[in-house]
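The values are calculated or read from the model by the stated rules, or taken from the named source; none is laboratory data. These figures come from a predicted structure and were not determined experimentally. Heads up, the Cβs are rebuilt from the backbone with ideal geometry, glycines too, and the neighbour counts pull from every protein chain shown. Side chains are part of the model used for accessible areas, which takes the heavy atoms of the whole protein and leaves out ligands, DNA and RNA. Shrake-Rupley method; radii C 1.70, N 1.55, O 1.52, S 1.80 Å.
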Amino acid sequence: MGRLLRGALVVVVVLAALAGNAAHRVHYDYQETQQRRFTLVRDMARLVDDHVRRTVRTADVALDQTAAMVAEAGGPQKIRDLKHWTRLREYAAQAEGADAIWIYDADGRAVLESASFPNRIAGFTDQAGLEALRGGMRLYIGAAQPVRTGAQPLVFPVSRPLHDDEGRFVGVVSVSIRVNHLTDLYSIPGLEFDPLIAIYRPNGEVVARRPEPESSAGRSAAAGTLFQSKLGEAPEGQFLSQSPLDGVSRFAAYRTVRDYGLVVLTGIGRDEAMAEWRTRTLHTVMETVVGLLAILAMLAWGLRYLDRERGAQVALAEARNAVERTSAERDESARLAAALDQARDMAETARQAAEAANRAKSEFLAGLSHELRTPLNAVIGFADLIAREAEGPVGTPSYRQYAANVRDSGQHVLELINEILDHARVEAGALGIEEGRCDLEAAADFAVRMLTPRAERAGVLLSAVVAPAVRGIRGDDRRIRQILLNLIANGVKYTPSGGSVTLSALLEDGMPVIRVTDTGLGIPAEDLDRVLEPFARVERAEHRGVEGAGLGLPLTKRLVELHGGTLALRSTLDVGTTVTVRLPASRLLPAESPARQEVLPVRPAASNAVPPSIQAQPAPAASAAAPSGPLSILLVDDDPTVRDMVAGLLRGWGHRVIAAANANEALVVMDGPEKLDLLLSDVVMPPGMDGTELARHAARMRPGLPVLLASGFAAHAVGTPAGFGPDVAMIAKPFSIDDLRRQLARIAGRRAETAAPAVPAPPAATHAVPAHPVPAQAPRPSGPPRLLIAEDLSINRELLAALFKDSGYRIDLVADGAAAVEAVAAGDYDLVLMDVHMPGMDGLEASRAIRAMPPPRGDLPILALTAGSSEDERRECRDAGMTGHIGKPYDREVLLRQVARTLAAGRSRTGVA
């Protein structure tokens, strides 16, 4: 009986868990679907608001022009001729959606209309509007009414008064605008929903509405929720309510049209909007029922299995008793016991392996979530700051840094996705290689040059040497470069400032051997095999602060194996790591003797960085004969060292060089009479105009002028310049002498083929864009709350500082947990926002240290900042003493609302009013 009760209890618990999970999924899906629908109608309202304001503004301009014409003629009665009618038609054509322009005398009788000449006999139908205009109203927008011509079903008037030179009221000019011009904005085949679009006067009268525009004409929505309460609360917003006109319940958003007082309302029927959610809910319920049935079947089978197991145990006991009677039987019993123990050990091993696999999957998903959310946080946050013009009008210099942050974060996400996709191809067996001749020295040169900017920022020395005997190999050139890039990038990532990463390619025992050696953190001996498995990472605190999903080394190992080679690791903690790639001897190609390449230096590294170098055999002197016919070259680079060195090299080749330090100087040269054969420009030249924008100006000012853009970013160097025109090409930095010679020879050859003299471009004025002054920040109220923000990434600190700008809070920023603990101990703060994952002392340890302080500092509210979304991580935050949780990427409204709520809760606990 006890066993049956226990089984029944297990069944009840499992069924309750499944049902609860299904209910949670349905509720979460409902909330998310509802939020998406509100976002959609809010965006629709913004679009319709812009459309209505633009339409009324063009009508207003047409009315002003008509009023000026009437005043010029001397009154409404003096314009009944073809000349004035022709001008009136021109004004009507300029007004968006206009059906006709009517001119009425002081009594409301029609004098002239743009649709026909002479005009039809008609009068101003809206007497209340006529009285309002006679009483001094500048602009009157009337409700929907049938059009006089019958060409369209409905129009609404936009009218203004006419006055003589002495200010007396002499008449009215009115534009009849077609209602469907405003409401058919979303009449697009294939649109997911049939939306409500309505425009109301301030008193609730319908100006335009779809669907059912005819039946809505002349009606009022003043009794609805919008005019009863919502407009009184805010000029724009969203709500769920039943329409007073057709009784349909809708997700709706409204906006007040600036300058004209109209109210725009957009909506989606609730039944239509939630149809997908109801379908998904049905599927969820069906899946839950199927799961419940499957679990019940498994439990029934388990009970039967337990019965059989109990019978087997009884039989085993009897067998053991029998074995004890004879020595032979005892030996057999011992053997059976050993076999049983072995089976148990195997089962335990299998269980541990399954648990380890499950943990690895969970850790990978958590790590991937963090890796994706962290750069996306910067993308969304800085894009929102630019969209809101938080630092002033667009064009303010700070927006260029914001855009660079978005670009770098997006590049990081792209690299992570590419790694995941390549790994998926490997798992599916769909990753192959394209055999061909591969220049190992060129591949090493490419990898080092592409990673030079990253190494400079990290303060790491790069070097490479390739033996002539292994320069030519057979393989996939793109994948060989990917192998070298992954290995060198890994070395730079895990090497502290002042260290070095060295690439060597030698011939050993007749086989090509590639080694990448760094002086970085090293890998523990027990983790050497594990780091070659997908999604596995070293769990030491020093490695935890380094970005990555754990796919680089496993993918590189697979690419090496596709070439028939092997990859091995040798590492010592705090000394460094060596990765050795051995390729089969059959991939070695006969040695050739091409000219070695020189490499020009790039922009000097930061003060704590060591400039990278590439070890190579001596090359021909830079003063050798020009690789092509003499050219007149405009050289643009903001770095004087690089500019002078490249200018000297080009002049040594016999070319004429005009040097410019920035894009503005280059524009002055191109605007002058100087003969130019080539524009050679750096891409990244902060601050001001960059190289790509300069190339577009060159195409306009000097049509046909070849442009060569240089960049040290890998995404630029391997990209296509087709978007700038046929005369623009790319070259990677640091320059390869051979690449530069080939580009100059190509340009000189094309000039020789055309054999046409260069024609100077017509003069074009250059304009300097004035800097917009940043508006002064409004004075803060006395004693604003003081916040402490701990975030290890500088880009996120910059984002948080911008998000809290003009919020009324005082903020202090620190870069790690230890600094946060010191700041709390030394200062008086109202709230701490703590990043969870930080090198050294992380957010959890810092929160525990703060909680150990005596009140009031020990009672300080702490909000966790994290890209993690698992319940385990949130539980760790609560256990460490954190008050709440703010997820990444940040939403400014949610962030400020959570901070205000936490501060208010803290004041209520301490009894502060």
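For K675, the aspartates and glutamates whose Cα falls under 20 Å of its own Cα, not counting residues fewer than eight places away in the same chain, are D637, E665, D727, E753.
Annotation: extensible slack from A93 through L903 equals 285.8 nm (criterion: 0.36 nm per residue apart, minus Cα-Cα distance). Measuring between alpha carbons in the structure, the pairs from K805/K888; K557/K888; K493/K805 lying more than 29 angstrom apart are K557/K888; K493/K805.
Sorting the segments 91-99, 483-491 by their residues' average number of neighbouring beta-carbon atoms within 10 angstrom, most packed first, yields 483-491, 91-99.
Kindly identify segment 627-679 as rounded, prolate or oblate by the Cα gyration tensor criterion: order the square roots of the eigenvalues as a ≥ b ≥ c, call it rounded if a/c is under 1.5, otherwise compare a/b with b/c, prolate if a/b is larger, else oblate. Verdict is oblate for segment 627-679. Around the Cα centre of segment 44-152, unit charges on the Cβ atoms of Lys, Arg, Asp and Glu (plus for the first two, minus for the last two) sum to a dipole of about 120 debye.
Under the criterion of Cα pairs below 8 Å and six or more residues apart, the relative contact order for segment 776-890 equals 23 percent.
For the peptides 705-711, 798-804, the ranking by packing is 705-711, 798-804, with the highest mean count of neighbouring Cβ atoms within 10 Å listed first. The residues D164, D835, D107, D891, sorted by heavy-atom accessible surface at 1.4 Å with ligands and nucleic acids left out, run D107, D891, D164, D835 from largest to smallest. Within the straight-line cut-off of under 13 Å between alpha carbons, the aspartates and glutamates reachable from K78 are D105, D164, sequence neighbours fewer than 8 places apart in one chain being disregarded. Computing FRET efficiency as 1/(1 + (r/R0)^6) for L316 and H283, where r is the C-beta to C-beta distance and R0 is 51 Å, gives about 0.60. Each other residue within a Cβ distance under 10 Å of A95 adds +1 if Lys or Arg and -1 if Asp or Glu, for a net charge of -2. Among 294-300, 263-269, the peptide with the highest mean count of other Cβ atoms within 10 Å heads the list, and the full ranking is 263-269, 294-300.
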